[in-house]
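Remarks on the structure that follows.
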Amino acid sequence: MSQIIEYSDKVMEHFSNPRNVGEIENASGVGTVGNAKCGDIMRIYLDVDENGIIKDCKFKTFGCGAAVATSSMATEMIKGKSVEEALKLTNKAVQEALGGLPAVKVHCSLLAEEAVHAALWDYAQKNHLEIEGLKPPVDDIDETKEFYEMSGEQ
Ligand code: FES
């Protein structure tokens, strides 16, 4: 028997009209994470200026509606922020900004938090920077690699 999941209006709004969809050419940092269990994948691109401010941020999400909505909200929340501030973005804050998520969809917001961290990690590596509190990204992306190979993406 299928279960009906109820989403907040805000989640539905970001799912129907997601902000910051796309990619950034020559991005300062790119982070891709996947959840092997549900098979969903999220990629976040950052454009960071010389002062460490995130000027632009885009995402591509191959996943469920909650993953799309959380990517949309997470990118909105880190745009214009410093990399240190972006690192502090938690999945809880994204959920709250979306008016909550059903319990079975909480892991989707974790994907957004991890994708932001992975993009920040890539930015730090490229620029030989150490950002306090930034850890190597969670790497649950074996299926991701296969997916990108299949789709011809890098
Ligand atoms: Fe996997 Fe939403 S069900 S990210």
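The values are calculated or read from the model by the stated rules, or taken from the named source; none is laboratory data. Remember, it's a predicted structure, so these values are computed and weren't measured experimentally. Surface areas here come from the heavy atoms of the whole protein model, side chains and all, with no ligands, DNA or RNA. Shrake-Rupley method; radii C 1.70, N 1.55, O 1.52, S 1.80 Å.
The angle between the Cα long axis of helix 106-126 and the main principal axis of the chain comes to about 10°, on a 0 to 90 degree scale. The order of Leu111, Leu129 by accessible area, most exposed first and with a 1.4 Å probe, is Leu129, Leu111. For Leu101, the accessible area of its heavy atoms, probed at 1.4 Å with every protein chain present, is near 30 square angstrom. On the chain, 50 percent of the accessible area sits on carbon and sulfur atoms, based on a 1.4 Å probe. What shape does segment 1-40 take by its C-alpha gyration tensor, where a ≥ b ≥ c are the square roots of the eigenvalues and a/c under 1.5 counts as rounded, a/b above b/c as prolate, and the rest as oblate? Oblate.
Let me make sure I get this right: for segment 1-128, a, b and c are the square roots of the gyration tensor eigenvalues over alpha carbons, sorted descending. Under 1.5 in a/c it's rounded, otherwise prolate if a/b > b/c, else oblate. Which is it? Because a/c hits 1.5 or more and a/b exceeds b/c, segment 1-128 counts as prolate.
Normalised by the number of residues in the chain, the average gap of Cα pairs under 8 Å and 6 or more apart makes the relative contact order 28 percent.
Rolling a 1.4 angstrom probe over the protein heavy atoms, how many square angstrom per residue are accessible across the chain?
Details: 8500 Å² over 154 residues.
Accessible surface, normalised per residue, equals 55 Å².
Axis of helix 142-151 versus longest Cα principal axis of the chain: the two differ by about 90°, to the nearest ten degrees.
With each run of n ≥ 4 DSSP H residues scored as -39500 (n - 2.57), what mean residue ellipticity at 222 nm is computed for the chain after dividing by its residue count and rounding to the nearest 500 deg cm²/dmol?
Details: 6 runs with 65 residues, N = 154.
It comes out at -12500 deg cm²/dmol, rounded to the nearest 500.
If you average the sequence gap of Cα pairs under 8 Å that are 6 or more apart and divide by the length of segment 48-113, what percent do you get for the contact order?
RCO, segment 48-113: 36 percent.
Using a 1.4 Å probe and counting only protein heavy atoms, arrange Cys57, Cys64, Cys38 so the residue with the most accessible area comes first.
Numbers: Cys57 0, Cys64 25, Cys38 60 Å².
Ranked from most to least accessible, the order is Cys38, Cys64, Cys57.
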